[in-house]
Amino acid sequence: AYVKEGFSNLRVGMFLEMATTIGAVVGAFLAGWISTRALAVVFGVVLLHSAYWSGRRRRQRDADATPDRLAVRLRMDGFYPTPEGPRSYHAHGVPAGFGLMFVAGALSGLLGIGSGALKVLAMDQAMRLPFKVSTATSNFMIGVTAAASAGVYLNRGYVDPGVAMPVMLGVLCGSLLGARLLMEAQSRWLRLLFSGVVIVLGLEMIRNGLVGGL
């Protein structure tokens, strides 16, 4: 739905998938060797800090602002639909975004969590993409990142298909509903909702790290 409507930036997604995929595989292999409890606490604190910055109203930038040279060479600039018509945007901070994507993939593989929150934060804060574009492109990337580490976990017997299947069906229904709501939702409310979800995720990671839930 996001690709069809023009929200997902395929060039950004496919470029950053290289970092998240490598990170996910590295994290999955290291999961059996690294204690994840302390890492979960640190990650939870980082998420809480990120939620604060994500929830703040970002100053509107001029669409004609000078873009990142690497982004221009990779043709990452694009348009996304608005009620007033297509709106252009530029990508910035490509190296920083690539590095953060590797970290997001590694944490996904290490802690067994979805790295969508970190991907959105990287594209929104580091690469300065519109929030709706960041959200839609993150969804485009999630499947590839998850598949990269899923093979390692399946081989080790960590995945219970009986539990995974109903969860997958629930996620599918929720994602279809979310795709419809994104078209009409205001970016400000989406940003606040996202910050709330990240806060809950951060607190849950800290709790699991302290009580040994990982």
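The values are calculated or read from the model by the stated rules, or taken from the named source; none is laboratory data. Predicted, not measured: the structure shown is a model, and the values here were computed from it. Please note: Cβ atoms are built from the backbone with ideal geometry, for glycine as well, and neighbour counts cover all protein chains shown. Side chains are part of the model used for accessible areas, which takes the heavy atoms of the whole protein and leaves out ligands, DNA and RNA. Shrake-Rupley method; radii C 1.70, N 1.55, O 1.52, S 1.80 Å.
Summary table
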read-out: Estimated dipole of the chain in Debye, rounded to 20 [Cβ of Lys and Arg +1, of Asp and Glu -1, Cα centre]; value: 380 debye
read-out: Ellipsoid semi-axes in whole angstrom, largest first, where each is sqrt(5λ) of the Cα gyration tensor of the stretch 135-191; value: 28, 14, 8
read-out: Candidates Ala147, Ala24, Ala51, ranked by Gaussian network fluctuation over the chain, Cα under 10 Å, top entry; value: Ala147
read-out: Value of relative contact order over the chain, rounded to a whole percent, pairs C-alpha under 8 Å and six or more apart; value: 38 percent
read-out: Among Ser187, Ser108, Ser134, residue whose mean-square fluctuation peaks in a GNM of the chain (springs only between Cα atoms under 10 Å); value: Ser187
read-out: Most positive-pole-ward Cα, Ser175, Leu110, His92, against dipole of the stretch 86-193 from beta carbon charges; value: His92
read-out: Per-peptide average of other Cβ atoms within 10 Å, ordering 8-20, 169-181 highest first; value: 8-20, 169-181
read-out: Among Val3, Ala51, Phe29 - extreme Cα towards positive end, dipole of the chain, charges at beta-carbon; value: Ala51
read-out: Accessible area, probe 1.4 Å, largest first, for residues Asp77, Asp124; value: Asp77, Asp124
read-out: Volume of the Cα convex hull of the chain, divided per residue and given in Å³; value: 118 Å³
read-out: Loop sites in the stretch 152-214: chymotrypsin sites (Phe, Trp or Tyr not before Pro), DSSP, at most 15 other Cβ within 10 Å; value: Tyr158
read-out: Carbon plus sulfur fraction of accessible area for the chain, probe 1.4 Å, in percent; value: 66 percent
read-out: Probe 1.4 Å - accessible area at Leu100, Å² to nearest ten; value: 80 Å²
